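One structure below.
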Amino acid sequence: MDLRPHDPLALNNRAGAFLALNRNEEALNDLTKALLATPNAPALLMGHAHVLSKLGRHVEALQDYDHLIRLGYRRPDLFLNRGVDLLLLKRHEEALNSFGLALQLRPMDLKILTGMGMALGELGRNEEALDALDRAARLNRSDPQVMLQRAVVLGRLGRLDESLAVFSRVLEADRYLPSALVHYGVALAKSGRFQDALTVYNESLSNHPSDAQALMNRGVALRNLGRYEAALAD
């Protein structure tokens with residue numbers, strides 16, 4: 001595509017094409033160039049932040065979102081995406097506040113309610129987390145991420161039979177959902193089913209051999225089974 005050097009619209013359009021091809025670095029490069037010409041354009045800043053987040057550069061993405069807020073930009077997607085980045089950075093209280101602002105602007109939103117549930121759960125506010133996730137489930141009971149987070153919180157609340165039942169539905173819907181197998185193994189171990197937990201951790205590690213959480217939890221299961229030499233290897 002022949003682009004004028006500083007044509008923000010053309011650069012933004014090409015960035016969209018790069019994103020569709022998962023060529024995220026090239027998309028970021030075009031959006032960065034476009035922002036040099038129009039540094040306060042909301043669509044460009046939102047796109048730039050989105051790509052930074054896809055690349056795992058969450059602190060830089062937050063800088064774009066905070067710049068938009070200083071400009072007076074108020075949209076639910078801004079606060080939702082900002083909350084997700086904060087959650088990934090383990091800044092759970094700030095994430096909860098951002099999801100709260102998003103929810104004020106869009107009260108019946110599955111992704112926002114799920115994010116709130118996750119943040120509340122990480123803060124140990126599990127009853128409130130379950131309430132937010134139940135509200136999300138009423139919008140879509142078959143959403144795998146909502147089911148996964150509900151299963152995790154139910155386990156934290158000690159409602160293990162319910163947790164395991166929800167995990168079964170999650171894994172029927174999407175056995176490769178990130179972290180689902182590890183969380184399922186944790187719930188099995190809490191129920192005293194260490195051999196079943198070990199089987200699940202091994203399955204997870206067959207997909208993601210370097211998953212630190214799965215390796216650590218497998219070691220715990222092996223110790224509980226009396227297999228100390230194998231546990232030391234993890």
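Results, tabulated for the structure shown:
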item	result
Cα→Cβ-extended label distance, 7 Å offset, between THR38 and ASN13, nm	1.3 nm
Accessible-area order (highest first, 1.4 angstrom probe) of the listed residues ASP143, ASP77	ASP77, ASP143
Residues LEU110 and ALA212, FRET efficiency given R0 of 45 Å [Cβ-Cβ distance, rounded to 0.05]	0.90
Simple spin-label estimate for ARG138 and ASN24 in nanometres, 7 Å along Cα-Cβ	3.5 nm
Mean-position separation - Cα centroids, segment 84-108 and segment 131-151, in angstrom	17 Å
ASN224-ARG169 FRET efficiency (beta carbon distance; Förster radius 30 Å; 0.05 resolution)	0.70
Ranked packing of 44-56, 209-221, most packed first, by mean Cβ within 10 Å	44-56, 209-221
Accessible area in the full protein assembly, largest first, 1.4 Å probe, for THR199, THR38	THR199, THR38
With every protein chain in place, segment 147-186: carbon and sulfur % of accessible area (1.4 Å)	49 percent
Residue-count net charge about LEU86 - beta-carbon cut-off 15 Å; Lys, Arg +1, Asp, Glu -1	-3
Debye-sum result for segment 92-159 in log10 I(q)/I(0), which assumes one identical scatterer on each alpha carbon, at q = 0.15, 0.19, 0.23 Å⁻¹	-0.39, -0.63, -0.90
Estimated D of segment 83-209 in µm² per second, where Rh is the Kirkwood radius over Cα pairs and Stokes-Einstein applies at 25 °C, 0.890 mPa s	166 µm²/s
Value at 222 nm in deg cm²/dmol, rounded to 500, when DSSP H runs of n ≥ 4 in the chain each add -39,500 (n - 2.57)	-24000 deg cm²/dmol
1.4 Å probe accessible area per residue over the chain, in Å²	53 Å²
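The values are calculated or read from the model by the stated rules, or taken from the named source; none is laboratory data. Quantities reported herein were computed from a predicted structural model and do not represent experimental measurements. Positions of Cβ are generated from backbone atoms using ideal geometry, with glycine treated the same way; all protein chains shown enter the neighbour counts. Ligands, DNA and RNA are stripped out before the accessible areas are found, and what is left, the full protein with its side chains, is counted by its heavy atoms. Shrake-Rupley method; radii C 1.70, N 1.55, O 1.52, S 1.80 Å.
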